[in-house]
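Just below is one structure, and these are the notes that go with it.
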């Protein structure tokens, strides 16, 4: 199944990126069994634009209609540095139009070391996957810290996973269990759309994993044009 050709996406990123450098954009399909990195490296681009001076790209009306499935897109600056790599899935059509959602298998994985890439926290919500290899109590919540680009703490929990007074607006840390965890962290107004952030999480033994992210106003939007 494909989308109505009269519909298109708008892909957004922080406006300050375009002020510092011209940008390039690429959109590819992610085939079954592929990682996002493999898809971006090996697959033919559906859309590829260079020398972008604005903070968004609209899906071209003359590009092929997108089918239901998984897609990845990436932004690089003029020096070839990756600023953003993210992905989404196009799901079912409902009565109100097209639904775009990010299921568990495209949530962000924390890493043992930062690799210079940034992931998207749409609508100031982090959706992460972590593994807790050790036994935890039934009341244990995720222990984490969020830093801004100047390494200032904007959110932090104590050892029980309770968010401390760094939070300007109240949020709750999600509960964790032994094994695989898919967790949602609402960042609220503690994080802004014009900065990037570092997430640091630690397990019961104090072993840490990390993630770089930036806040994006929304998922790529599918806008239905009037007939």
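The values are calculated or read from the model by the stated rules, or taken from the named source; none is laboratory data. Please read all numbers here as calculations on a predicted model, not as lab measurements. Here Cβ is always computed from backbone atoms with ideal geometry, including for glycine, and neighbour counts include all displayed protein chains.
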(request) Determine which member of the set 80, 33 is out of contact with any strand residue (DSSP E or B) (no Cβ under 9 Å at 6 or more places or on another chain), closer than 29 Å to residue 114 by Cβ, surrounded by fewer than 14 Cβ atoms within 10 Å (Cβ to Cβ) and not assigned by TED's automatic domain parsing to the domain that holds residue 118. (result) 33
(message) I'd like the full set of residues that are touching a helix residue (DSSP H, G or I) at 6+ places or on another chain (Cβ under 9 Å) and under 14 Å from residue 22 (Cβ atoms), limited to the range 32-54.
(response) 52, 53, 54
(request) Please work out which residue is nearest to the chain's Cα centre (by Cα), limiting yourself to the range 19-58 and to residues that are in a loop (DSSP other than H, G, I, E, B) and closer than 26 Å to residue 195 by Cβ. (result) 55
(message) Show me the strands (runs of 3 or more DSSP E) found entirely inside the range 101-194 where at least 3 residues are over 13 Å from the mean Cα position of the chain (by Cα), modelled with pLDDT of 75 or more and loosely packed, with under 13 Cβ neighbours inside 10 Å.
(response) none
(request) Kindly indicate whether any position in the range 129-152 is closer than 24 Å to residue 11 by Cα, in contact with a helix residue (DSSP H, G or I) (Cβ under 7 Å, 6 or more places away or on another chain) and in contact (Cβ under 8 Å) with a residue 40 or more places away in the chain. (result) no
